Amino acid sequence: MQVAAQKIVVLGTGGTIAGTAGDASDNIGYTAAQVGVEQLLEAVPGLAKAAGDAMVAEQIAQVDSKDMEHAIWQRLAARCAAHLADPQVRGIVITHGTDTLEETAWFLRLVLDAHKPVVLTCAMRPATALAPDGPQNLLDAVAVATAAGARGVVAVAAGTVHGAHQVRKVHPYRVDAFDSGDGGPLGWVEEGAVRLARDWPAPEALHPQGGAAGDAAHWPRVEIVLSHAAASGRMVDLLLADGVDGLVVAATGNGTVHQALEAALLRAQAAGVAVRVTSRCPLGRVLPRPGDALQAEAEGLGAMKTRVSLLLELLAARRA
Ligand code: SIN
């Protein structure tokens, strides 16, 4: 017998959306990750109804997302996979801090078969603020999770739906802190209705590109280095001596790297470290040139998401 998918699962991981401040007018002097996910949901009028009165909550972690860890990602992915496989589950909402939301979104995009919606949401103001943005973001996230045809890993904030590939935090304070760059948003949520600018991710784009198994404490170590005026290769040499497995360089412009840093990266690569070149420019992508000695990441993911891709690539290589 076919079971109608009804349930909306909300997985809590912490963040400002679950943050509290001593003073309601204080939007920056708060402590993130204080309110449990069930309490958060109960505080939003109309949320349970919007979720078809079939909402369940689960606390996966309770962290300020600047402190996000691979072990939490692994736990989160495992719970998402279990819920996605449940025929009674219609979609998943994840409450998350804004600071590393894009990294978690990209990680989940790479490891999950998200044939149902997996919607990350967040807030820039704590739950105790005079005008918190979390409640509306939760309502909008549930609207996306229940939208007809919705699938894939997306992020919802300030009324905008962003794809996992495109989403980036671009502002440290504004409520509308996220952007989708050149790609533009996937759509918007207007009074509970989703208006799409592009289609949901194609089913063939949802296939997981690699699992996240094994002890997360022993996953490959991938670090990010920045090319800047007067950069040196010292950091790379130290990381190489310290046993780093992969390096992502946030390079200037179209993937150019200070000559001293480049020499160190080539030394690291010759010693077996996987190196990927991204641009520190916020928009666009690196256009690879014939004969490039270091491999460019050409999809415009940026350094933080490229770190996630390389981590999973190295993890897959270990298993091969
Ligand atoms: C966090 O990322 O957990 C804190 C900041 C925020 O959510 O805006």
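Taken together, the values in this text are just the output of simple stated rules run on the coordinates, not laboratory data. Predicted, not measured: the structure shown is a model, and the values here were computed from it. Positions of Cβ are generated from backbone atoms using ideal geometry, with glycine treated the same way; all protein chains shown enter the neighbour counts.
Considering only alpha-carbon pairs that sit under 8 angstrom and 6 or more positions apart, the relative contact order computed for segment 7-196 is 23 percent. For K49, the lysines whose Cα falls under 25 Å of its own Cα, not counting residues fewer than eight places away in the same chain, are K7, K116. Under a Gaussian network description of the chain, with springs only between Cα atoms under 10 Å, the residue in P87, P290, P203 that fluctuates furthest is P290.
From the alpha carbon centroid of segment 232-292 to that of segment 176-216 is 28 Å. For R276, the residues whose amide H sits under 5 Å from its own are L247, V248, V249, ignoring neighbours fewer than 5 places away on the same chain, with H placed 1.01 Å from N.
When the chain is treated as a GNM with alpha-carbon contacts under 10 Å, the residue of G149, G302, G12 showing the greatest mean-square fluctuation is G149.
Using only Cα atoms, what is the ratio of the radius of gyration of segment 89-151 to 2.2 N^0.38 Å? Each step should come with its number before you reach the end.
Details: Rg = 12.5 Å, N = 63, 2.2 N^0.38 = 10.6 Å.
Taking the Cα Rg and dividing by 2.2 N^0.38 Å, one obtains 1.17.
Given segment 206-320, report the % of alpha carbon pairs whose separation exceeds 17 Å. Summing the P(r) of segment 206-320 above 17 Å gives 54 percent of all pairs.
What percent antiparallel are the DSSP beta bridges of segment 220-319, to the nearest 5? Beta bridges within segment 220-319, antiparallel portion: roughly 5 percent.
Placing unit charges on C-beta atoms (Lys and Arg positive, Asp and Glu negative, everything else neutral), compute the dipole magnitude of segment 7-196 about its Cα centre in debye, rounded to 20.
Numbers: 14 positive and 21 negative charges, 97 e Å.
I would put it at about 460 debye.
With respect to the chain, whose longest principal axis is taken over its alpha-carbon atoms, helix 259-270 is tilted by about 90°.
Take every Cα pair under 8 Å in segment 108-250 that's 6+ residues apart, average their separations, divide by the length, and report that relative contact order as a whole percent.
Numbers: 227 pairs, mean separation 30.7, N = 143.
Relative CO of segment 108-250 lands at 21 percent.
Helix 302-319 and the longest principal axis of the Cα set of the chain meet at an angle near 80°. Put simply, the convex hull of the Cα atoms in segment 1-110 casts, on average, a shadow of 7.6 nm².
Sequentially through segment 78-93, phi angles give Karplus couplings (6.51, -1.76, 1.60; θ = phi - 60°) of 5, 5, 4, 4, 5, 5, 4, 7, 7, x, 7, 8, 8, x, 10, 10 Hz, Gly and Pro residues having no value and appearing as x. Taking all C-alpha pairs of segment 57-124, those more than 17 Å from each other amount to 35 percent. Computed on the Cα atoms alone, the convex hull of the chain gives a volume of 146 cubic angstrom per residue.
Report the longest stretch of the chain that contains none of the GluC sites (Glu not before Pro) sitting in a DSSP loop with at most 13 other Cβ atoms within 10 Å.
Values: sites that count: E69, E191, E299.
It works out to 70-190.
Could you tell me the convex hull volume per residue, in Å³, taken over the Cα atoms of segment 7-196?
Numbers: hull volume 18.9 nm³, N = 190.
Value for segment 7-196: 100 Å³ per residue.
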